[in-house]
Amino acid sequence: MHASALNLRRALWGNPQTKHRQIGNFCAVCRTIMNKHNLSGGGSVSESHADSEMPAKLLFGIGTDNLVTLLVFGLIFALGVVGNSLVIAVLVRRRAGPRRGTTNIFIFNLGVADLSYLLFCVPFQATVYMLPTWVLGAFICKFVHYFFTVSMLVSVFTLSAMSVDRYVAIVHSRKSSSIRVARHALLGVLGIWALSLAMAVPVAYHQRIVETEDNSTYCWEVWSDPKRRKVYVVCMFVFGYLLPLILISFCYAKVLNHLHKNLRNISKKSETSKKKTAQTVLVVVVVFCLSWLPHHVVHLWVEFGSFPLNQASFLFRVAAHCLAYSNSSVNPIIYAFLSENFRKAYKQVFQCHVASECPTPDARETRNKMEKVTPTNCTTV
């Protein structure tokens, strides 16, 4: 077998001839597929069997599948960077306003987290499909995986905070003025980042540069105790997916129930707003669930099941990776561009950029509109 082809196979599927039998995907979605075959000394995958499962187009050069994956990554990266940058630009232009809405603070934090997520993960992940070994050093190996996990947790926790914020604003509107203040939102954002930074520490600690017998280097996650990794994977699933999803679903269910009960007491305009809220809620929950579920399925399958090593599993892992990244690209659409006021603000930013000057009256009018939070509309900012 050609040396570069063998290296690429090992980078994707692991090297069965060394005790570090582990998948060489260095970003968190696809990490440690062969955990039950690494470090513990159990099981093996024959070289010929693994090779037979891999089509020739995946073994030589970039290949069609890898090229398609790179194109998908590029599309996700471009859309996400542009979308999140626009969201941040819109909110930064409002920094001189008399008030800072709690919703906008959370949206700003979500945009920063998603933008960082894309900038620090997608370009590095793309190298897996272009280079046969890891060439970026130990620091980048640890930092990329660590920041990947931090950004993921910040995004998830911010979505949860936004759902609680919407719940308080709509269901407990009379008390919301004293609860939904900028100071509380900023403290919440600081707490989100502190918790995320702490929860991701084990990822950085266990990420290592591993050299194989042919002097190839890979960025792998190595745990001396498999039981501890199982505990960590379960904790990440429960606290980084399951509980936030339950919280989001609960809050928005209460919101819809509240709007439904008060339907007779609200105007036709509010009824239309209720329908828009229902649509937004459905998109939020479904996209959140679909984007991150495959990621956690892969991790749990590896730890507590028998994950197959074949072309189908390879494609499933790639799909899980793309879905996780795409969540950071669609968030600006869901939380920003579905809002009419945000669309107006976006147009204003674009006009100011092109004309190099801002229409002051319109700017004040748009800013004033954005300061008003309609209690029946989930997407109003």
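Here is the P(r) of region 119-175: all C-alpha pair distances, binned every 10 Å from 0, give 20, 32, 19, 15, 10, 4 in whole percents. Note on region 101-124 and region 162-227: Cα centroid distance 12 Å, given to the nearest whole angstrom. Modelled this way, with points 7 Å down the Cα-to-C-beta line, the labels at His184 and Lys227 are 4.3 nm from one another.
Along each principal axis, taking the top coordinate minus the bottom one, the Cα set of region 186-253 gives 56, 26, 18 Å in descending order. Test of understanding: extend the Cα→C-beta vector of Phe139 to 7 Å, then name every residue of region 188-225 with backbone N under 16 Å from that spot. Output list for this probe position: 209.
Dimensions of region 102-141 from C-alpha coordinates, computed as largest minus smallest value along each principal axis and given longest first, are 46, 20, 7 Å.
Here the extension length gained between Ser177 and Val297 equals 39.1 nm, from 0.36 nm per residue of separation less the Cα-Cα distance. Take the Cβ atoms of Leu67 and Val168, set R0 to 45 Å, and the FRET efficiency comes out at 0.40. Between Cys235 and Leu290, the C-beta separation translates, for a Förster distance of 22 Å, into a calculated FRET efficiency of about 0.50. Proximity of backbone amide H atoms, modeled 1.01 Å from N, is registered between Trp134 and Thr217, Tyr218, Cys219 at under 5 Å, excluding neighbours fewer than 5 places apart on the same chain. The equivalent ellipsoid of region 114-263 has semi-axes of 40, 16, 14 Å, largest first, where each one is the square root of 5 times an eigenvalue of the Cα gyration tensor.
Equivalent ellipsoid of region 83-153: semi-axes from √(5λ) of the C-alpha gyration tensor, largest first, are 33, 12, 8 Å.
Multiplying the residue separation of Ala319 and Ala89 by 0.36 nm and subtracting their alpha-carbon distance yields 79.7 nm. When the inverse distances between all different Cα atoms of region 296-337 are averaged and flipped, the Kirkwood radius reads 11.8 angstrom.
None of the figures in this text is laboratory data; all of them are computed from the coordinates on show. Treat the numbers as computed from the prediction; the structure is a model and nothing was measured. Using ideal geometry, Cβ is built from the backbone for each residue, glycine included, and neighbour counts are taken over all protein chains shown.
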